[in-house]
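The values are calculated or read from the model by the stated rules, or taken from the named source; none is laboratory data. Keep in mind the model is a prediction, meaning the values are calculated, not measured. Methodologically, a virtual Cβ is constructed for each residue, glycine included, from the backbone with ideal geometry; neighbour enumeration extends over all protein chains shown. Areas reflect the complete protein model, heavy atoms only, side chains present, ligands, DNA and RNA absent. Shrake-Rupley method; radii C 1.70, N 1.55, O 1.52, S 1.80 Å.
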Amino acid sequence: MAANSDQDAKRKNVIDVLNKARSMELFAIAQYMQQHYRLDDDDYAVLATNMRKVAIDEMKHAEAFAERIKDLDGIPTQDHSAKAVLDQDVYQIYPYDSDVELDTLEKYNQFAIICRENNDIVSMRLFERIIEEEQVHQTYFDDTATHIKTMDKSFLAKVAGTDVDEDND
């Protein structure tokens, strides 16, 4: 009986970190979609389209976490880890998002360790896969923030008003 209780505790630990990660993904979806709408309204079609693509990646992550939680007989959370920050301009968006992704990377690395410590290699590998994708997002946000900071209006003029073929996603 003690072994079963120990397994239940380990499973609960993994479900807890998976739900924390899902909650973070749900926040990221709301945040990035809000920014997508703002960038689109400001006529930065290329930036808006890229932001939408990142949000869709986050949707896939949230779903992957939910599926794993269900596999472990848990209930996927619907709660967001934070409330989306509204009305950010193009100068605020990318440094903010880079910081969000850095925090995510740090936490997901910790969560992967927790999964390993609780003998759940499948969940650990899920975190490792998603960490790689989050690193791509962080690099994109950081690079874009740097372009905006160093080239400012010339960079923004280059991406303003450009038409994007959304069917080629």
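The residue pairs whose first member lies in the range 62-73 and is under 19 Å from TYR108 (Cα atoms), whose second member is hydrophobic (A, V, I, L, M, F, W, C) and exposed (fewer than 13 other Cβ atoms within 10 Å of the Cβ), and whose beta carbons are closer than 8 Å, counting only pairs six or more residues apart or on different chains, are ARG68/VAL122; ILE69/ILE75.
Conditions (1) more than 16 Å from VAL136 (Cα to Cα); (2) open to solvent by less than 60 Å² (accessible area, probe 1.4 Å); (3) in contact with a Leu (Cβ under 9 Å, 6 or more places away or on another chain), marked per residue:
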residue: ASN4; (1), (2), (3): yes, no, no
residue: ARG11; (1), (2), (3): yes, no, yes
residue: VAL17; (1), (2), (3): yes, yes, no
residue: PHE27; (1), (2), (3): yes, yes, no
residue: LEU39; (1), (2), (3): yes, yes, yes
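Here GLU128 meets each of (1) over 17 Å from VAL17 (Cβ atoms); (2) under 21 Å from the mean Cα position of the chain (by Cα); (3) open to solvent by 70 Å² or more (accessible area, probe 1.4 Å) with one exception, condition (1). Within the range 91-113, does at least one residue satisfy the condition of being in contact (Cβ under 8 Å) with a residue 24 or more places away in the chain, surrounded by 13 or more Cβ atoms within 10 Å (Cβ to Cβ) and in a loop (DSSP other than H, G, I, E, B)? No, the range 91-113 has no match at all.
Of the residues contained in the range 68-83, one or more are found to be part of a helix (DSSP H, G or I), modelled with pLDDT of 95 or more, touching a helix residue (DSSP H, G or I) at 6+ places or on another chain (Cβ under 9 Å) and surrounded by fewer than 17 Cβ atoms within 10 Å (Cβ to Cβ).
With respect to (1) of a type in the set (A, V, I, L, M); (2) open to solvent by 20 Å² or more (accessible area, probe 1.4 Å); (3) closer than 25 Å to THR146 by Cβ, the lone exception for LEU47 is condition (2).
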